[in-house]
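Laboratory data are not the source of any read-out in this text; all were calculated from the coordinates shown. Quick caveat, the model's predicted, so the values are computed rather than measured. Note: ideal-geometry Cβ built from the backbone for every residue, glycine included; neighbour counts use all protein chains shown.
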Amino acid sequence: MATTNYYLDKTDKKGYAPIHMRINCNGAQVKVTTKRKIKPEYFNKTTQTVRDSYIEHKEYNYYLRFLKERANELLNQSYRKTYTEKEIKDLLNEHVVSYRENNEVSIVREQLSFYGKPFKFIDLFAGAGGFSEGFLQTEVNNKFFDFILASDINENCELTHIVRYNHQLGLNTEFLRQDITEPDFLDNLLEKIGDHQIDVVCGGPPCQSFSLAGKRKKFDKKDDLFSHYLEVIKALQPKYFIMENVKGILTKEGGEIKDLILKEINSIIDVNEVPKLVSYLRSLKGKFKKDDFIIDSLIKRIEIEKLSEYQKEEGKEAFIRFVESKFRNLTPKIVDYKTSKTDMSISTIRHGFNILIRNKQWNKLKRDIIKEKDFCNIDNDFFVDSFSNFLSDLRTDEVINKIETAFKNLKIANEYQSVINNILISLKIYTFSFDETIAFIRENCDETQLKKLQEIVESIRLYRIEKPFVANASNYGVPQNRERVLFIGCRKDQQFISEIPPTVKGNEKVTVFEALYDLDFIGNNQEFYHYEPVDIFAQYNSTSEKKLSLIKKRSIDGKIDEKAGKTFAEWSKKGRLIKQYNNASKPFYVRNTEALNAGEKNYDVLNNHRTSNQNDDVVKRLEIILNEGDYKIAQDKLNKYGLASNKRNYNVLKPEEQSPTVMTIPDDYIHYNTPRALTVREMARLQSFDDSFVFQGKRSTGGNNRKSEVPQFTLVGNAVPPLLARAVAAEILKHIR
C-alpha cells in the first residue's frame, strides 16, 4: 500500500519554499515537485494544507488534494501491478505541468492580422460547441474564423464553452445564456456582439420547434424556435447562415415543414430595396385586380419588413388600426347604435381587433403560460386540452377566423360586401410572410405587371437557397453514420453554395476501431486520467493483423495520407485546431461554475474516460449480445439465461464499420471488444471531438432532470460532429467575399 505526503524544501532568497510530494511504497521512495512555492508560515505541516490566511489558499489546497488523489489512484487503484519510479514521476508530472501552464500569465492569442483574414461567426443553440470547434479548425487561403459569441439556455453548455474557449484557447468569445424566445433576447445578443459585423451564423433549432400553424395544438417551449432563429438572421444579415437538423425534417408533415422553412428563408429581404417595391405597388393603383385599399394594405405589410425589431410591433399595430378604421366607418352603415353596443358578432369583431392590436402583450403572456405549462409538466393529462385550446385561440389566425365568422353571422347587405371582403383580405395579408405577400401580388397582376414585379423581387430577396442538403458525417472523416440536413443561406452578394463536397471516398471512411482502439485499456467501473499502452497483438491474437490493417494514416479531414498523415487517434490526441491555438493552455475539468470560480480545476492528461458501474447481470447480458453481434439475434439466449431486458435496443459497435448515430444515452451502445457501455471520451471520439475538448459538469443524469440538465453524455450526443462542421466552414471560406 502506497502513502503520499507533502513537505517544504529550503526557502529561496525571497523566502518561498517549494512544495514537494513524497511517495512511499514497499520501502521505496519517490519525490515529485509540485512546481508551487509558498512561504513556510502559510503551510500547515500537520494537515499538509495551505492556511486560510493565504489569499490563494482555496486554489492551492484543491490542487494539492487533486494531485494526491491522482497519486493514490495511480498506485492503489490502477489495473497495472507495477510502476517504475520514472513512470510514476512522468505520469504525475503531466498533471503538474498542466497546472503550472494554466497558472502562468501568457498571451495565447496574437494580433489576428498576423495570421490572415478573419471572418466572424456566432453559434446559436450551441450545445457543446460542435459547430464552433469545427469552424476553429478551419483555415483556407490564409482565411479563418473569429468566434464572437455562442448562445444556449443551459448552464453546463455555458460552462463547457467558457472553459474551452475563454480559459483554454484564450478567446474573448461571449456567451449568452438565455431562451431565444424571450422578448429581450435579440437586444441582449446585439449588445454582446457590439460593433462586430457578423459574417456567418450557424445553429440548429431542435426539430420539435417546427410545426405548421393550425395543424397541431401542442404548445411547448420549443414551438417557435425556428422563427426566432430567423429573426436573428434578419437582424444580423450575415453573408452565410447554416441551419442544421435531423433528416426527418424533410418528410415531417408530408414535406410541408421543409417547404415552410424554404419559404421563410426566401422571405428575408434586403431592406434597402423595399422602397422600389413600394413605389411599384403605388404605380398599380387603379390598374390592379384588387381595390386600392388592398394596395395600401400590401404597402403597409411590406413596409413592416424594413423596420427594426424595436419598431416592428408599432408597425403591426399601425396596420391593424388602419384596417380597424375601415370597420369603424362601416359599422353605423350596417347596424344601428343599440345593436353596435349589444350584438355578439359586432363585439367579437371589435374585440378581435383589440386582441390583434395588443399582439405584443398577448405574445408575452403566451410565452409565460407555455413556460409555466412546461415547468409543471402539463401533458397527457386532464389539464392539457384547456391550456392548449386557450393558447390556440390567441393565435393571430384563430382571432381572424373568429372575426370572419362574426361578419358572416351579421348577414350584411350586398352593397357592403366588397368592403367586408377588403377588410378580411387585409387581415389575411397581415399574417402573410413576405413570400406569401409576393405570391398574392402575382396572382393579381397581368403579364406586363408580372414581368416588372419579378425583376424587383429578384433584387429584394436577401438570401438564395434552392433546397436543403443531406450530409452524412462519415463522408467527412467522422467514424459515424450520422445524417443531418443543412439549410445553407447565401446572401445575394456572395457565391452560391448548394452542397458540401465529401472529404473521403466510400472505401476510405474512418472506422470505429481507428477511433477507439487506443482507449481500450479500461474495464467496468473504472476511470483513467492518463493514456495507457494498448497491445493489439495481445488483445486480438489471430485477428490482430486484420485489426492493424484498419488503422490508416490520414490528413485532418480523413483523406488517406500514408506519407505525412496521422492516425485518427493521433489527430485526436494532437488536436485539429489551426496554428493560432498552438500555445493554448492545457485542458482541465471542473464540476460546476462555482468550482471554476474557486479555482478547483482538475488538470488531467485524459478526461471524460470513465465507465459505468454495471452489475454482473448487465455485464452477462452485454456479453451475450456482443458475442451474438445483434440484440434481436441474442433474444433467445437472453431469455434462456433470464437476462431479457425491456430496453428497446442495444447497438453493438462493429470495429471495421462506422458507428450508428451517437445519441445521448451511453447504454445504447456496446463496445466492440468488451461487454460494457462507452465512456464520454469514446463517444466524443465517434463524434470527432479532440481529446483536449473537455466536457464539463455532471457525467449523466436521469428521470425528470433530463428536461433541465445537459450532462456530459447529452452534450456529446446532441453535438454537430466537428469534422462535419469543419467541412462546412472550409466550403464557406472558399467562397466567402
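Structure notes:
- For a straight C-alpha distance cut-off of 23 angstrom, the lysines reachable from LYS640 (same-chain residues fewer than eight places away being disregarded) are LYS620, LYS632.
- The stretch 292-350, Rg to Rh (Cα coordinates; Rh as Kirkwood inverse mean 1/r): 1.12
- Over the stretch 3-102, relative contact order from alpha-carbon pairs under 8 Å, at least 6 apart, %: 23 percent
- Entries in LYS371/LYS402; LYS287/LYS492; LYS14/LYS89; LYS35/LYS601; LYS234/LYS428 that, when Cα-Cα distance is taken, lie over 21 Å: LYS371/LYS402; LYS287/LYS492; LYS14/LYS89; LYS234/LYS428
- For ILE460, net neighbour charge (Lys/Arg +1, Asp/Glu -1) across residues whose Cβ lies under 12 Å away: -2
- Entries of LYS68/LYS586; LYS316/LYS366; LYS252/LYS505 with Cα pairs more than 24 Å apart: LYS252/LYS505
- Alpha-carbon centroids, the stretch 342-363 and the stretch 565-606: separation in whole Å: 57 Å
- Cα centroid separation, the stretch 124-140 to the stretch 627-658 (Å): 35 Å
- Prolate/oblate/rounded label for the stretch 271-461 (Cα gyration tensor, a/c 1.5): oblate
- Taking Cβ atoms as reference points and 11 Å as the exclusive limit, the residues near ASP259 contribute a net charge of 0, counting Lys and Arg as +1 and Asp and Glu as -1.
- The tail of the calculated P(r) for the stretch 443-534 beyond 22 Å holds 60 percent of all Cα-Cα pairs.
- Computed per residue of the chain from DSSP H runs no shorter than four, each worth -39500 (n - 2.57), the mean residue ellipticity at 222 nm is -12500 deg cm²/dmol.
- The chain: angle of helix 225-236 to the longest principal axis, Cα-based, in degrees nearest 10: 90 degrees
- Cα gyration tensor shape for the stretch 3-102, rounded if a/c is under 1.5, else prolate or oblate: prolate
- Near ARG554, once Lys and Arg are set to +1 and Asp and Glu to -1 for all other residues with Cβ below 13 Å from its Cβ, the sum equals +3.
- In this structure, the pairs whose alpha-carbon distance is over 28 Å, taken from LYS563/LYS734; LYS263/LYS451; LYS37/LYS579; LYS247/LYS563; LYS117/LYS258, are LYS37/LYS579; LYS247/LYS563; LYS117/LYS258.
- The stretch 286-317-the stretch 26-75 distance, computed between alpha-carbon centres (Å): 71 Å
- Whether the stretch 262-327 is rounded, prolate or oblate, judged on the alpha carbon gyration tensor where a/c under 1.5 counts as rounded: oblate
- Nearest-ten-degree value, helix 85-102 long axis tilted from longest Cα axis of the chain: 40 degrees
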